[in-house]
Amino acid sequence: MKVLLIRSLFLGYLLSLTGCESVQPWERGRLAKPEMQLSEGLNSPLYHQVYDSKEASSGGSGAAGAGCGCN
Amino acid sequence: MRKTTALIMLLASALGHAAAEGDAAPLFTLPSLDDSEVYSLAPGKIIYLDFWASWCAPCRASFPEVIALQNSMGSDRFEVIAVTVDENRAAAIKFLRHYDVPYQILSDPEGVVAGQYALPGMPTSFVIDQKGSISLRHSGFKPGDMSSIRLHIQELLEAPL
């Protein structure tokens, strides 16, 4: 019993080291923020400014979606 | 072995569970979205409690139908209470400009009440009966969903107290 408890606590400690945290459905608005994008992130506006001026065109780089937690 | 089972059950209960049908609806007090008044949930009327957010696409689809529900059911024995979980109140207010909402909009930016109800997704709505019990939980929203919710509320309204 004691060994099991120690192992459980150690496993919990290891999991806490990953820094992972589950996002609740009502918190998923945060995932829709620009800074939460997987690629480019906060550099995105600068990147698009340069890209648009070089290509003389803009748009077509986004995707719909809002981090909804619905089924 | 019994101790292990008890430990697992304790851990499981600590994680919490979604408010389910048959459970007593957690009572709460929240400010309105414009911060002009405070609302406390209390048993008495049949309540359609709707959790929504401006960033949630199905919420946009559900809004006209929830408004129609309140308008058609009247407000004597039935009430819609909508709770926005938007952290940014301005976003919720901007969202509401598209609708003529005839019911209370409350604000839960910290997600405290959403946590009490342990929402499984967005949007999630609950039908709470006159005694304060959850009689229906509905997660997500797609066209046609409202007909079964409406039928359920109608049955509650017609049931003898």
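Quick look at the values:
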{"read-out": "Matching residues in the stretch B:41-80 - criterion: being under 19 Å from B:PRO120 (Cα atoms), in contact (Cβ under 8 Å) with a residue 60 or more places away in the chain and not charged (D, E, K, R)", "value": "B:TYR48, B:LEU49, B:PHE51, B:TRP52, B:ALA53, B:CYS56, B:PRO58, B:CYS59, B:ALA61, B:SER62"}
{"read-out": "Residues (more than 10 Å from chain A (Cβ to nearest Cβ) and assigned to a loop (DSSP other than H, G, I, E, B)) located in the stretch B:111-130", "value": "B:ASP129, B:GLN130"}
{"read-out": "Residues of the stretch A:1-22 classified as polar (S, T, N, Q), part of a helix (DSSP H, G or I) and away from chain B (no Cβ under 12 Å), total", "value": "1"}
{"read-out": "Filtered residues of the stretch B:33-42 (kept if within 18 Å of B:SER133 (Cβ to Cβ) and either surrounded by 15 or more Cβ atoms within 10 Å (Cβ to Cβ) or basic (Lys, Arg) (or both))", "value": "B:LEU41"}
{"read-out": "Which numbered condition B:ALA118 fails, given (1) in contact with a His (Cβ under 8 Å, 6 or more places away or on another chain); (2) within 19 Å of B:PHE63 (Cβ to Cβ); (3) of a type in the set (A, V, I, L, M, F, W, C)", "value": "(2)"}
{"read-out": "When residues of the stretch B:45-90 are limited to those that are facing chain A (nearest Cβ under 8 Å) and of a type in the set (A, V, I, L, M), the one farthest from B:ASP35 (Cα to Cα)", "value": "B:ALA57"}
{"read-out": "Some residue of the stretch B:95-111 being surrounded by fewer than 15 Cβ atoms within 10 Å (Cβ to Cβ) and touching a residue at least 40 places away in the same chain (Cβ under 8 Å)", "value": "no"}
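Any read-out appearing in this document is the output of simple, stated calculations on the displayed coordinates, not a laboratory observation. A quick note: this is a predicted structure, and the numbers were derived from the prediction, not measured. Neighbour counts run over all protein chains shown; Cβ positions are idealised from the backbone, glycine included.
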